[in-house]
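Taken together, the values in this text are just the output of simple stated rules run on the coordinates, not laboratory data. For clarity, every value in this text was computed on a predicted model and none was experimentally measured. Glycine also receives a Cβ, built like all others from the backbone with ideal geometry; neighbour counts cover every protein chain displayed.
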Amino acid sequence: MTDVIQQQDSSYEKNILMQFYGCNNLLLKNSSFKKNIGGVILKVSNQIQQDNNIIKLLNDVFNIDNLQVQKNSQPQMASIIQIQSSNVYIKDMDFSQNKGNCLAYGSQKCEINNSTFYDNRALDGGAIYFYGITNYIKIQNSTFRQNIAQGSGGSLLFEELNQNCLIIFDNKTKIISNAAKIGGGLRILSSQLDYQLPTGFPFKQNVCSNKAEIYGDDSTYNIQSILINKYKSLSNSDQNKNYTFQFENIQQTQLNSNYSGVIQIENFMSGGKIQLQIYFLDNYKRKINFSKDLLRQNKYPTRIQKELMELQINIESISSTNTQLIGDKQVNYLLYDEETSSFILTDLTISASIESQFNFKISTSMENIYSNFYPYLMVINFRPCILGEIVQSITSSIKVCQYCTLGTYSFEKPQSIPSSNLNQTQNNNTQQYLSNQCKLCPSSALFCEGNQIKLKNGYWRPNQTTDEIIQCNQVMNFCLPEESSSSIEGCAEGYVGALCSECDLQSKIWNKKGHMYAPSILKGVCSECSNMPLDFIQRQQ
């Protein structure tokens, strides 16, 4: 039996304007639905209820031939046409300027021919939302243009397709100038951990010039990969930044390993803060981009909101007993930086044994989507403590290098202490014993930090690695270490030696050609003079 509905124009408001249940063969031909407001205009279901039992037709057919659906609206921009039929065939359909999409769900086959989908708006799937299709979706000689989804799939959303379901576009089908938060042209979604994308994805011949706000401009599935760089902070000049960083993805031929990539860090200071910049990338290698304020205010569609808030990076030690991580071990949207489209980690302190190597694991939420998405291995080589640092023991196996901060200094070689000398735990906190102390900056210095002392004018020291500081002659005061642009080794021009009390007779230090500095009549004062008279005197002798 074939049910035929011809030339049905409708303009009145109902929750469901037309509904068909349990039709084995249904044809909707030469029909139009225009300017309906407030509900579903067409619902087709291959299920019927008999004696409290649900009966589902297994080989029913629904045909659409020459249908116009224009300027209809649904307040929530959900589906205005809902089709649940085993076999769906749509031909010569004009679906334009609607607020709401066409939903096809639970079908075996869906075919669309010679149809136009233009300027529609919907929550997900701006024009069509395919859900749970099992065999194939075939679209021929059709155009999808200027459709917009508030969430995913600017023109098309394919969700929970059977693993073997085909998506087929002929070369005359174009999906162009559509927009969405994710998947500007189309998006595929699946909760299957091992879901394999259909052959032909991302359908470059058919899908182009679309725009996604967050990621996946044309065709997308989920975030495909991550990129990890060393974060370079312009404002942070701490000693613990001076480590080398190398990130390398493991090639496909090596994927039998348990990791997707390796991060190698050399010369890292135990007790230093690691600084990482992490990017989530789509299948076009585009960095994801979203507004943290909109996310905090729950302004994104519910599913987009959930997806963004679930983005996470976790850092943990593989050898937990010999290492310590304090701070941001879990990275989420709160650490997202909109300017760089990256997640920035700057507050994770990593401690271990000095002069040792330890492995850490960086895992992401992507491992919950892809069965072959492995964590990243981070290998850190910890350097010895250097001048300007002291050794601090946390446990018998964990020691850190503590940098002497502004106002303190150290010129001593850092030394560790035996674990037996560690203070006992008090109030559940291990008291940290210092093997040597950073010294306080002396009053004769402008500032101290690390292994540096900057002296005030009027003071002198033999070299840059000693804190033996002597006050100069306060009357003459040729010690001018503050005047770095006009002094050498802390001495005024022409003066050298201890306490800047000698004259640079041969101009070896000041290196001014044709000049020398000699004692003047005034005791303790050096005067500049020409070499020419001296040469004359030497020749006369």
Burial ordering of M516, M309, fewest other beta-carbon atoms within 10 Å first: M309, M516
Gain in span if fully extended, L522 to E339, counting 0.36 nm per residue against the direct Cα distance: 59.4 nm
Hz values of 3J(HN,Hα) by residue in region 167-178 - Karplus curve (6.51, -1.76, 1.60), Gly and Pro given as x: 10, 10, 10, 7, 6, 9, 8, 10, 10, 9, 6, 9
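Have a look at the DSSP beta bridges in the chain and tell me what percent are antiparallel, nearest 5. Don't skip to the end; give the middle numbers.
On the way: 70 of 160 bridges.
Percentage antiparallel, nearest 5: 45.
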Pair I55, T302: separation of 7 Å Cα→Cβ label points (nm): 3.4 nm
Answer label, with volume of the Cα convex hull per residue in Å³ calculated from the coordinates and candidates (i) 179; (ii) 267; (iii) 169: (ii)
0 to 90° range, to nearest 10: angle between helix 531-540 axis and the chain longest Cα axis: 30 degrees
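So for W510, W460, fewest C-beta neighbours within 10 Å to most, what's the order? Walk me through the numbers before you get to the answer.
Values: W510 17, W460 24.
Lowest count first: W510, W460.
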Extension reserve of the Q474-Q192 stretch, reckoned as 0.36 nm per residue once the Cα distance is removed: 93.3 nm
Inter-label distance, nm, simple model (7 Å from Cα along the C-beta direction), Q357/N457: 5.4 nm
Greater than 25 Å apart at Cα, pairs in K29/K109; K34/K109; K43/K138: K34/K109
Partner aspartates and glutamates for K181 [C-alpha distance under 15 Å; skip if fewer than 8 residues away on the same chain]: D124, E213, D217, D218, D282, E307
